[in-house]
Amino acid sequence: MSDKNSAQTGETISETNSAFLPVDTFDLVVFGGTGDLARRKLIPSLYHRFCDGQISPESRIIGTSRSDRSQEDYRRLVHDAYNSFSQDDDYDDGRWSDFKNQLDYVGLDVGDDKADWTALAKVLSKDADRVRVFYLAVPPKLYVDICKGLKAAGLVTPNARVVLEKPIGTDFKTAQSVNQGVGAVFAESSIYRIDHYLGKETVQNLLVLRFGNVLLEPLWSNRAIDHIEITVAESIGVGGRGAYYDGAGALRDMVQNHLLQLLCLTAMETPASLDADDVRTEKLKVLRALRLITDTNVAEDTVRGQYARGKVEDEVMADYLTDVGVDFSETETFVAIKAHIDNWRWAGVPIYIRTGKRMATRRSDIVIQFKPVPHSVFGDTKLNPNRLVIRLQPDEAVRLWMEIKEPGAGGLRLKTVPLNLAYADNFTVRYPDAYERLLMDVVRGNLSLFMRGDEVEAAWKWVDSILAAWSSSGQRIELYQAGQDGPDEAHDMLQKDGNSWV
Ligand code: BG6
């Protein structure tokens, strides 16, 4: 077989070598080390990377939080959390005992002006040259103070980097001030703004699908694409996060980051390489080309909703107000937007995005709806235009819907069928949690899957335009029953254009 086609081994997909490259020995300090994110995601992700041999036994993970507790206590806390949250069966007592030796704990109240950083400095002093990661899994209002504290305590070594969780600010201005405050301590090349959607397997596959195949690019524009839909639907409600969520809402919580990142990867030009700045510069161009929402188009191009009592998978769910414990709230738990990217490639192609909590089911899709053929030779027979559906989660898959002839005699009948690349049918590997890849990328110093400061600010500028237009126009919140895919108005928005949500 020639080199050119040696990758195509008959009809089967050959799985790639999945050896894991070990990363440099590191010290990782998790601020908010006893919090939800650390317990549910960060520590379990590190455990998995440890089990796969990517993390050396000399590396250290140091949890910090306000409470005073012993190292043993901390180890027990994260162990119990792993066992109650983890849905996989990869737990192994022996491996956990090896892993837990890397876990340490330091009590530190970073919210206190007079916080004493000596204990942390002492733990870190053992090796000042190694990669040092400060992961800020705390409320964003503490970001700048923690960075200042780190600097004052002399902990920002040349090999140090900081990881910021979203949300970075609550609007353009506050995001800019976080960026400036953190930027006064860390260089941009040492700031890792995390959006865990960029660590998802299928989101990275979007890059491979678009830029690793010659078939799609010539069609990837307004010449062949009619419209695009991006849906991130969740069946969960706001759970115990009401205090944060009620001030944020779906636009800030999901659209400003996850949905706009998906939109950027779908719509950006081909970057010169996968180097961080090449990719991030292309994403920034998309964000800057997004048409702002104003009083004139806000009613037509946006829908905001809030879930009311209803049933999700036969279980009765309370309404949002009850979940959050308030009598009145104008916070949206659902948002749908008809976006436009004002550039040559996308002029005239509506990009519909929507996200919501307590929708019928958990499902994230990117749908590329192609235009109809320019002329049908099949007379009155209905032809469905091609459609590419990228299912991000669950049941990861890529499906290209095409027209074929239905077999059989007696007239020409057409059928729409998918070319179906379902991951489960083709790969048996375990899908790592998004945080596994992202954490290892931080240690490796690879910024490609993290957001640059100007990107975050550009995303806020667009989101701010929507918030301002909602407020000045007094746009209503439409109620939808839990278990419904958002309010009817979100369906009407597409229907007016002759389209529908897939
Ligand atoms: C988080 C949001 O960033 O993403 C949550 O704050 C949301 O509100 C979550 O539930 C969704 O992530 P995933 O990976 O479950 O789709």
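The values are calculated or read from the model by the stated rules, or taken from the named source; none is laboratory data. No experiment lies behind these values; they were computed from the predicted model shown. FYI the Cβ positions are ideal-geometry reconstructions off the backbone, even for glycines, and counts take in every protein chain you see. Quick note on the areas: whole protein, heavy atoms, side chains included, nothing else; ligands and nucleic acids left out. Shrake-Rupley method; radii C 1.70, N 1.55, O 1.52, S 1.80 Å.
Residue 161 falls short on exactly one of the conditions (1) open to solvent by 50 Å² or more (accessible area, probe 1.4 Å); (2) assigned to a strand (DSSP E or B), and that condition is (1). If we scan the range 293-310, do we find a residue that is open to solvent by 20 Å² or more (accessible area, probe 1.4 Å), among the basic types (Lys, Arg) and over 23 Å from residue 191 (Cα atoms)? The answer is yes, given that some residue of the range 293-310 is open to solvent by 20 Å² or more (accessible area, probe 1.4 Å), among the basic types (Lys, Arg) and over 23 Å from residue 191 (Cα atoms). All of (1) within 13 Å of the chain's Cα centre (by Cα); (2) surrounded by fewer than 17 Cβ atoms within 10 Å (Cβ to Cβ) hold for residue 261 with one exception: (2). When the residues of the range 212-241 are filtered to those that are part of a strand (DSSP E or B) and either within 26 Å of residue 436 (Cβ to Cβ) or over 20 Å from the mean Cα position of the chain (by Cα) (or both), the one that is farthest from the ligand (Cβ to nearest atom) is 226.
Return the residues of the range 187-211 that are of a type in the set (Lys, Arg) and either under 13 Å from residue 423 (Cβ atoms) or not in a strand (DSSP E or B) (or both); say none if nothing qualifies.
Narrowing the range 187-211 to residues of a type in the set (Lys, Arg): 193, 200, 210.
Residues satisfying the conditions are 200, 210.
Looking across the range 479-488, just one residue is under 26 Å from the mean Cα position of the chain (by Cα) and either more than 19 Å from residue 234 (Cβ to Cβ) or among the acidic types (Asp, Glu) (or both), and that is 485. Selection of the range 129-179 for residues being touching a Pro at 6+ places or on another chain (Cβ under 9 Å) and on the phi < 0 side of the Ramachandran plot yields 129, 140, 164, 165, 166, 167, 168, 170, 174, 175, 178. Among the residues of the range 336-392, those identified as of a type in the set (Gly, Ala, Ser) and either touching a strand residue (DSSP E or B) at 6+ places or on another chain (Cβ under 7 Å) or within 16 Å of the ligand (Cβ to nearest atom) (or both) are 336, 339, 356, 360, 364.
When 168, 191 are checked against the criterion of being away from the ligand (no atom under 16 Å from the Cβ) and either under 25 Å from the mean Cα position of the chain (by Cα) or not hydrophobic (A, V, I, L, M, F, W, C) (or both), 191 stands alone in meeting it. When the helices (runs of 4 or more DSSP H) confined to the range 394-502 are screened for residues that are surrounded by 14 or more Cβ atoms within 10 Å (Cβ to Cβ), those reaching at least 3 such residues are found at 434-444, 453-473, 488-495. For the range 232-241, the condition of being modelled with pLDDT of 95 or more, surrounded by fewer than 19 Cβ atoms within 10 Å (Cβ to Cβ) and in contact with a helix residue (DSSP H, G or I) (Cβ under 7 Å, 6 or more places away or on another chain) holds for none of the residues. For the condition open to solvent by 10 Å² or more (accessible area, probe 1.4 Å) and over 24 Å from residue 223 (Cβ atoms), what is the one hit in 318, 347? Within the list 318, 347, the selection yields 318.
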